[in-house]
Amino acid sequence: MNPVSIKKRLTLILTPITLGILAACGGGGGTSVADGGIRGTGSSVGPVSGFGSVFVNGVKFETRDIVNQRVESNDDISTEADLEKGMILRIEGEWNKDGSGKAEALKYDDTFRGPVTDIVLPDETAGTPGSFRILGQSISYDSRTVMRVTSGQLTEGMKVRVSAWRTADGYRASYIGSVTTGSDFPLELEGRIDEVQLDKFRIGDQWIRGGQNVSYPGDLTINDIVKGALVEVEGRFLSEGGDVTAAEIRFSDDRRFLGDEGDETEITGPVQSLNVSGSTFSLNGVQVVYDNDTEFDDFARSRIADGLLVQVEGEIKSGRLHAEEIELYEGNAEVEAAVLPPFEGSAENELNVGGVRVRITNSTLIDRDDDDQTPLSEAKFLEVEGIEQKDANGDFSYVEALNIEIESEDNGEYELTGQLTTDDPNAKILTVLGVKITYDQNVGSENEGWRDCTVVSVEYQKVTDGFQATGIECDD
């Protein structure tokens, strides 16, 4: 397959898509003709970033040839219309020469369904994610997580479905959505078995009971219920909040990420069990191998670390994914500011957000902070998280947007976070994300430590002749 990389689609001949279409589908950025006219079949597994067909891992997959846009799932997700942004979807299909795709099958599986407990809210000041537990498993969530829950906030006992990646210490949510259901609520969890007794076993602190009516789909048998086995369970509470009575038990479905021998595939997830000397790591239970021929996009090879969210493209050989390309899927830049007049010569998929050039791609997930339906083309104020991209000289070029949240109002207060590229103490001007921002003596001396930092956060405002800082902090 060799799917055309996002970077190639951005750096070759762009075919911009209008912002009105971008707002409708949640993706965009255009496509380009790849070197050599690559074409083939394979699989792609990652979070949905938009619709109007389905966008996954930066590719727009046409779904019109799938009968009724059917989704293979046993989680009350039966058609494309039931999918939500952020859900981790497997697409099997064909890639076209221009980097677009044609889906032949859509497959989805919840990671968890159950009541929320032990909520810890995110701490924006400390930069720590939020967390909660479902059925004995710990799940973290952050700014990349799509939240579709009642009133926008998690509450104790709320019943949700979660689409998540497994991490070293739990799971990282890509999507969290409320589930409205009666008392006969179908539960789902996955995890490693910690203890086995005669008629039950434990995952984390959740006990699961079997019985004569338990189904074992796939390869798993009752003899496989042993300590250390990674399984997926569906069932119901024996009594509210107590043991789970299993209806189905199967091996955890890492195979939805892996694909078949010889397949070309692309998958997104957090790095686990990194072995630098052996050039391997785990991604969603799939063993990834990289070497000197592997291309690292958007970040240095030395930066790869456990927990980093990446997208890997490569070929399945002997049950392992041999990486041809590893691309950063974790934001390292943010800007929250008003949408200003476009830069001179801007493409249609670029915005001026508080003086920062922001580029929208097919991977950009566009969301709103309330129920209004303001299209991106009419938005006045945006919160953007993305990847800082540089030109051939190593100078800042643009922020490749991963997430854009459309805010309701412009309060005149801007903030950005990125690499401090220049600071002129005499002129009292600093440059971050390509924006030259002046500061006065009070602001410059308020937190002198920022001058020694690589990454800074700047609160600023628009003034007649440019931008003026109101606060500067170290963000290393």
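Values quoted throughout were computed directly from the atomic coordinates according to the rules given, and no laboratory measurement underlies them. In this text the structure is predicted, and so the values were computed from the model without any measurement. Virtual Cβ from ideal backbone geometry, glycine too; neighbours counted across all protein chains shown.
So, with +1 on the Cβ of K and R and -1 on the Cβ of D and E, and no other charges, what is the size of the charge dipole of the chain about its Cα centre, to the nearest 20 debye? The partial results should precede the final answer.
On the way: 42 positive and 88 negative charges, 217 e Å.
Magnitude of the dipole: close to 1040 debye.
Over the stretch 107-206, what is the mean sequence separation of C-alpha contacts under 8 Å (at least six apart), divided by residue count, expressed as relative contact order in percent?
30 percent
Please compute the contact order of the chain in relative form: average sequence separation of alpha-carbon pairs under 8 Å and at least six residues apart, divided by the residue count, as a percent.
About 12 percent, as a whole number.
Past 30 Å, Cα to Cα, is the threshold; run 102/390; 390/462; 107/159 against it and keep the listed order. Show your work: numbers first, answer last.
On the way: 102/390 32 Å; 390/462 25 Å; 107/159 23 Å.
The pairs that break the limit, which is 30 Å between Cα atoms, are 102/390.
Please report the spacing between the Cα centers of the stretch 263-329 and the stretch 43-117 in Å, no decimals.
22 Å
For the stretch 233-359, what is the relative contact order in percent, using Cα pairs closer than 8 Å and at least 6 residues apart in sequence?
19 percent
Per 5 Å bin, what percent of the C-alpha pairs of the stretch 112-178 does each bin hold, from zero upward?
Each 5 Å bin holds this share of Cα pairs: 4, 19, 33, 29, 12, 3, 0.
What is the extension gain from residue 205 to residue 451, computed as 0.36 nm multiplied by their sequence separation minus the C-alpha to C-alpha distance, in nm to one decimal?
Numbers: separation 246, 0.36 × 246 = 88.56 nm, distance 4.70 nm.
Going from the current span to full extension adds 83.9 nm.
I'd like to compare 315-327, 107-119: which one has the highest average count of other Cβ atoms within 10 Å, and what's the full order after that?
By packing density, highest mean first, the sequence is 107-119, 315-327.
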